[in-house]
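K.L.:
Dropping the structure in here first, questions after.
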Amino acid sequence: MDRLDKKILEILQTNSQINNQDLAERVSLSPSSCLRRVKQLEEAGYIKKYVALLNPKKIGLDLTIMVSVGLNSHDAKKMQSFEKSIASFPEVIQCYLIAGQAADYLLKVTVSNLDEYQVFLLNKLTRIDGVSTVQSSFVLNSIIEKTALPIK
């Protein structure tokens, strides 16, 4: 990956809908060379997918909760089962296996309101086999929300 590839990735992270002509101009390449580089970056796995980022409040998702989850065992099957279950819940928008904390997983959950979170917590999350602890931290305000990765 050279500096032109990095510049292309930086631009696409901020505007994935830029047309190839404009992208080529911004990186000083011909349109065909630029398109070829983008295709190579996609095929090599640097670009996973293109998405539209929505404003959660505009679609009624006013509450974000960071949820630490501890399991009663680190058995591989139990962890796989937890991960499969959690992946099926639309309220969970991010899930990380973590170390260095009392919890095993950190979830980012987005819902409309506190009542909806209570239903999620009591009827879904705590019913997963092996869940032993849950700690919820309610997001008051989002200070930084980046989707662009730093490219060095």
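K.L.:
In degrees between 0 and 90, to the nearest 10, how far off the longest principal axis of the chain does helix 3-14 point, with axes built from Cα atoms?
P.N.:
That works out to roughly 50 degrees.
K.L.:
Take the Cα radius of gyration of the range 57-138 and divide it by 2.2 N^0.38 Å, with N its residue count; two decimals is plenty.
P.N.:
On the way: Rg = 12.4 Å, N = 82, 2.2 N^0.38 = 11.7 Å.
Scaled against compact globular proteins, the figure is 1.06.
K.L.:
With a 10 Å Cβ neighbour count serving as the proxy for reagent exposure, in which order, fewest first, do K49, K77 appear?
P.N.:
Details: K49 6, K77 9.
The fewest-first ordering by Cβ neighbours comes to K49, K77.
K.L.:
Right, another one. Under 16 Å Cα to Cα from K49, which lysines show up? Leave out anything in the same chain fewer than 8 places away.
P.N.:
Result set, ordered by chain and number: K39.
K.L.:
Considering every pair of different Cα atoms, what Kirkwood radius, in Å, is found for the range 3-43?
P.N.:
Values: mean 1/r = 0.1019 Å⁻¹.
Kirkwood radius, the range 3-43: 9.8 Å.
K.L.:
How long are the semi-axes of the ellipsoid equivalent to the chain, from square roots of 5 times the Cα gyration tensor eigenvalues, in whole Å, largest first? Spell out each step's value before the answer.
P.N.:
Working: eigenvalues 295, 73, 33 Å².
For the chain, the ellipsoid semi-axes come out as 38, 19, 13 Å.
K.L.:
In the range 57-138, what is the count of Lys pairs whose alpha carbons are under 18 Å apart, counting only pairs at least 8 residues apart or on separate chains?
P.N.:
5
K.L.:
Taking only Cα atoms, what is the 0 to 90° angle, nearest 10, from helix 76-87's long axis to the longest principal axis of the chain?
P.N.:
Between the helix axis and the principal axis of the chain, the angle is about 70 degrees.
K.L.:
Which lysines have a Cα less than 16 Å from the Cα of K152, not counting those fewer than 8 places away in the same chain?
P.N.:
By straight Cα distance, K152 reaches K6, K7.
Values quoted throughout were computed directly from the atomic coordinates according to the rules given, and no laboratory measurement underlies them. Every value quoted in this text rests on a predicted model; they were computed, and no experiment measured them. Glycine gets a Cβ as well: all are built from the backbone with ideal geometry, and neighbour counts include every protein chain shown.
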